[in-house]
């Protein structure tokens, strides 16, 4: 005991504070004044309350910020290595992770300093929620990192900001149906009708949904169903061809009524396949079929089975394509809820099912998961699918019948990529309510965004040889598009995670072309450029082999995503005066605009795709004007450089799709990234204390190009 006492700096009898404060004093955050021989402190004696000590002492961390930060990096790396899908962005997420793994974790009391709280409050006061008007006079929330917000700023950039309504948030989907290809007719007709007339019941001359299907000529119906499974099914696998055809044959030979959900799905199949069929179906037929879908949907909403989820997903895809993406969002959320209700999100839900039934449930779940998260990434809204370590495995390709239409193990690797898409959406929106700046996504010693980029690299490195991009030309024609779309989604996720860095780089260079970029910013922005170019090359390849789908899938959306990155790449190169790859990026952008312009020549292209296609053409023309302005102003002094002055908005009839380059080799960036494997685990935008992320925003892109045009 004497040895212990002599080793103490202050002997116990001379201590001026208690060894352990009582619970009351800890709560009040005040000094606990108690003599060691007494059972109560002075505060508890004065107020006649029990003086108890049950809370443990706060553990003190010894060491400097660097050592503690390094320890956190190691600990989080260990967790991410054991649980790759773990979200460590907040304490709440880590508590949920521990609960899901059955690991008890201590309760962490978080407190916010007064200064930080004031800063957050000021930031919230200055930030306005991006509520944007739709064409119904309502407002819709679009997150700050959404593709829509970026498109809005581009429209302002080219002087088209008089009306900020989104054509993709169209008129009420329950109104009297009109085709989206002629919005002027729709507007005039709706203005001449009262709201009660426009939202009335289905016209009586349309008959019943069953009669509408039975009256279709057999060869026409067979052609539409064949077209659906030949063209649409591989992109959006929600049905099983043999089961679907068997159910139809049984129903067509009987006089009994069909399941409303199945019948609704059949009508949606006809509506979707009409866009890509080799035969011509009049618009009136589509209007009639959709009105029958509208009569069936109220019944579908009140049922819970596989047919229900399938019908809602098919209806949502149609609404997504025809300028009703707001209604698509709502119906997709309903489909997610019903999927939860019937246990699609779990493998351990057992029922009297055949092996085929179990595998079809898995296929339907992952298709719904991917479709919902593509919308989440576009809107920057919270997902309806809460983060859980999903127990659903990938479906057996041989059982579900896709083995002959896609490469081996395609579904396995596609499912892993879909999980990474979900992680990317959470990394961009860690709070689930929309981030006011990109700083939240890159604020930790091991940021969620860095984790997603690292996992994407691991995914690509582990990809088997027969699923790599280089073997595309050796595959059967039916397998080429699925493989290309697999890599399209890979590069889209990389663009999604890194485009904020590229925009920040362009913003800083517009203010000071000679400014020094941090290694972090340079590496992430170059990653975005490489990914955008690779994405553009794949979309160009799809057009060259006649596998580009501009009517029923996301092809034009992906083309828009790559086009915007190419524009920012051109801005950076012009500001730096480096034109080694500027002409290459311009050519890629021109090829995309040419391809899209040719696709828009078809009258079957729906409204959403036309809107996206117009964006590709506009940004290509805008980039040409930007380069030409700098060239005329004498900013480019490199001899022999001449921007492409060829007219962009060519007549679609004068465009030959066969002239497109079908090469898949992406144009490499000149910035070496030999240390990328070491870089990603340490990624943090806070590596420069004086380099605050709040000095830029998506709005700055307008200043970039306006400065160039002045």
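No lab work stands behind these numbers, since they all come straight from the coordinates. Note that this is a predicted model, so its numbers are computed, not measured. Reconstructed Cβ throughout: ideal geometry from the backbone, glycine too, with neighbour counts over all protein chains shown.
Just subtract the alpha-carbon distance of residue 602 and residue 511 from 0.36 nm times their residue separation and send over the number in nm, one decimal.
Details: separation 91, 0.36 × 91 = 32.76 nm, distance 4.28 nm.
Full extension from residue 602 to residue 511 adds 28.5 nm.
Classify the stretch 15-56 as rounded, prolate or oblate from the Cα gyration tensor: take a ≥ b ≥ c as the square roots of its eigenvalues, call it rounded if a/c is under 1.5, otherwise prolate when a/b beats b/c and oblate if not. Walk me through the numbers on the way to the answer.
Numbers: a/c = 1.36, a/b = 1.04, b/c = 1.31.
Rounded, since a/c falls under 1.5.
For a protection proxy built on the mean count of beta-carbon atoms within 10 angstrom, sort 467-477, 394-404 highest first, please.
On the way: 467-477: 13.5, 394-404: 17.3.
Averaged packing, sorted descending, gives the order 394-404, 467-477.
Grab the beta carbon distance between residue 208 and residue 330, set R0 = 30 Å, and tell me the FRET efficiency rounded to 0.05.
Once the sixth-power term is evaluated, E becomes 0.70.
At a 10 angstrom cut-off on C-beta neighbours, averaged per residue, how do the peptides 78-89, 265-276 rank from highest to lowest? Write down the numbers at each step before the final one.
Working: 78-89: 16.1, 265-276: 24.7.
Answer by packing, highest mean first, reads 265-276, 78-89.
At R0 = 51 Å, how high is the FRET efficiency between residue 340 and residue 545 if r is their beta carbon distance? Nearest 0.05 is fine.
On the way: r = 39 Å, r/R0 = 0.77.
So, using R0 = 51 Å, E works out to roughly 0.85.
For a Förster distance of 41 Å, can you work out the FRET efficiency between the beta-carbons of residue 459 and residue 254, rounded to the nearest 0.05? Each step should come with its number before you reach the end.
Numbers: r = 48 Å, r/R0 = 1.18.
The calculated FRET efficiency here is 0.25.
Is the shape of the stretch 589-628 best called rounded, prolate or oblate, per the rule: a/c under 1.5 gives rounded, else a/b larger than b/c gives prolate, else oblate, with a ≥ b ≥ c the square roots of the Cα gyration tensor eigenvalues? Display every interim value, and only then the final one.
Working: a/c = 3.85, a/b = 2.17, b/c = 1.77.
Prolate is the answer for the stretch 589-628, as a/c is 1.5 or above and a/b outweighs b/c.
Please arrange 141, 248, 228, 379 by counting, for each residue, the other beta carbons lying within 10 Å of its beta carbon, fewest first. Write down the numbers at each step before the final one.
Details: 141 15, 248 18, 228 26, 379 21.
By the 10 Å Cβ count, ascending, the order reads 141, 248, 379, 228.
Which distance in nm do the two modelled labels at residue 141 and residue 74 give, with both placed 7 Å along the Cα-to-Cβ direction?
In this crude label model, residue 141 to residue 74 measures out at 4.1 nm.
Please report Rg (one decimal) and Dmax (integer) in Å for the Cα set of the stretch 520-598.
When restricted to Cα atoms, the stretch 520-598 yields Rg and Dmax of 13.1, 41 Å.
If each of residue 95 and residue 38 carries a label point 7 Å out from its Cα toward its Cβ, how far apart are those two points in nm?
Inter-label distance under the simple model: 3.7 nm.
Need the full-extension length gain, residue 54 to residue 474, defined as separation in residues times 0.36 nm minus the C-alpha distance. One decimal, nm. Could you put the intermediate results ahead of the total?
On the way: separation 420, 0.36 × 420 = 151.20 nm, distance 7.09 nm.
Here the segment from residue 54 to residue 474 would lengthen by 144.1 nm.
Kindly rank 331-337, 221-227, 311-317 from highest to lowest mean number of other beta carbons found within 10 Å of each residue. Walk me through the intermediate numbers first.
On the way: 331-337: 20.9, 221-227: 17.6, 311-317: 26.9.
Averaged packing, sorted descending, gives the order 311-317, 331-337, 221-227.
Arranged by the count of other C-beta atoms within 10 angstrom, fewest first, what order do 557, 302 take? Let's see the in-between values first.
On the way: 557 17, 302 8.
Taking fewest neighbouring Cβ atoms as first place, the list is 302, 557.
Contact order normalised by length for the stretch 15-56, with contacts defined as Cα pairs under 8 Å and 6 or more residues apart; what percent is it? Each step should come with its number before you reach the end.
Details: 47 pairs, mean separation 16.6, N = 42.
That works out to 40 percent.
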